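The values are calculated or read from the model by the stated rules, or taken from the named source; none is laboratory data. Please read all numbers here as calculations on a predicted model, not as lab measurements. Glycine gets a Cβ as well: all are built from the backbone with ideal geometry, and neighbour counts include every protein chain shown. With ligands, DNA and RNA removed, areas are computed over all heavy atoms of the protein, side chains included. Shrake-Rupley method; radii C 1.70, N 1.55, O 1.52, S 1.80 Å.
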Amino acid sequence: MLLTERLKSAGRSRLTLLAMCAATFMIQVDVTIVNVALPSIQRELRMTPGDLEWVISAYALALAALIPVGGALGDRYGRRRIFLLGIGLFTLGSIACAVAPTGEWLIACRALQGVGGAAMLALTLSIIAAAFPVQTRLRAIGTWAAIGGTGFGVGPVAGGVLLSFFGWESVFWVNVPFAVAAICLTLYAVEESRGAGFGRLDWVGVALSALGLVGVTLGLIESASHAWGQVLVAGPLAIGLMLLICFVVWERRATQPMIPPSLLGARSFVSASVVYLISYTAF
């Protein structure tokens with residue numbers, strides 16, 4: 001009986017890992033797969049080059065700005081619940097992008113995809129950590145990182161193959177089967193979990209972190225087409241960094257901080273965050 005329970009638990013853990021890998025892969029693919037379809041999108045929706053840039057940037061902006069919020073919501077209201085909400089928003093955004101009649105509609109729906117992606121990406125690692133014991137957790141995290149990371153490289157190749165046979169809408173429709181599979185696996189295998197010791201949501205921290213990350217990300221996006229010293233780049237970067245500094249100060253004083261102050265003071269956490277910042281900035 002005990003052996004049967006262990007095998008059943010191990011099976012659920014593997015299915016949980018598969019669901020998280022599918023979701024992460026889908027999120028990362030969507031960062032690059034749209035690039036290949038931009039000429040077709042521009043031609044059919046009659047978009048200007050400036051508007052076309054926001055087809056990419058709206059997704060990246062929402063994804064970058066809302067990841068901390070997604071994690072905070074999952075810790076307080078249930079990781080499985082918020083993760084499923086994220087998949088639902090991402091799928092709805094993908095379908096809406098595929099049927100977009102105008103460029104403005106497409107940009108708005110790309111932002112909706114980013115909101116859903118942020119909720120998913122923020123919680124995949126937490127869900128995996130809750131599903132696996134310490135002995136096998138590192139192996140599971142390594143698998144998740146490897147499969148998710150391949151999405152960046154697969155995106156342009158998959159986009160090229162799809163556009164060889166279908167229209168630009170196909171780069172969004174392809175998300176639907178991945179999303180359905182992830183939803184089914186999550187409903188079956190993933191158990192609900194929450195963070196320990198979290199109370200009500202820190203709305204001031206949410207606003208400071210989201211707006212700060214929007215500023216920094218927007219500045220980095222604009223640096224692709226403007227000099228670093230120009231207002232469109234330096235302005236958002238300066239405001240974003242100032243808001244993030246205010247966020248750190250606020251979190252040290254808040255009664256229910258979104259991120260525990262001890263985490264902000266942990267050298268391993270700060271150094272890992274800096275490495276991620278540098279790598280994604282370069283990307």
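Side notes on the structure shown:
- Scanning region 159-189 for residues that are outside any helix (DSSP H, G or I) and open to solvent by 10 Å² or more (accessible area, probe 1.4 Å) gives 166, 167, 169, 174.
- Leading residue by the ranking (surrounded by the most Cβ atoms within 10 Å (Cβ to Cβ)) among those in region 248-262 that are modelled with pLDDT of 75 or more and part of a helix (DSSP H, G or I): 251
- Qualifying residue in region 41-53 (condition: among the basic types (Lys, Arg) and part of a helix (DSSP H, G or I)): yes
- Matching entry among 110, 137 (being in a helix (DSSP H, G or I) and closer than 21 Å to residue 19 by Cβ): 137
- Screening residue 236 with (1) open to solvent by less than 60 Å² (accessible area, probe 1.4 Å); (2) out of contact with any Cys (no Cβ under 7 Å at 6 or more places or on another chain); (3) farther than 16 Å from residue 61 by Cβ; (4) modelled with pLDDT of 85 or more gives one miss only, at (3).
- Residue list for region 19-35, restricted to those being touching a Leu at 6+ places or on another chain (Cβ under 6 Å) and open to solvent by 10 Å² or more (accessible area, probe 1.4 Å): none
- Of the residues making up region 101-123, those that are open to solvent by 10 Å² or more (accessible area, probe 1.4 Å) and over 8 Å from the mean Cα position of the chain (by Cα) number 9.
- Selection count, region 195-228, where residues are at pLDDT 80 or above and either open to solvent by 30 Å² or more (accessible area, probe 1.4 Å) or of a type outside the set (D, E, K, R) (or both): 22
- Residue 225 vs. criteria under 25 Å from residue 58 (Cα atoms) and outside any helix (DSSP H, G or I): yes
- Any hit, region 240-247, residues being farther than 27 Å from residue 77 by Cα and crowded, with 16+ Cβ neighbours inside 10 Å: yes
- Selected residue (criterion: modelled with the highest pLDDT) from residues of region 62-83 that are under 24 Å from residue 105 (Cβ atoms) and open to solvent by 30 Å² or more (accessible area, probe 1.4 Å): 66
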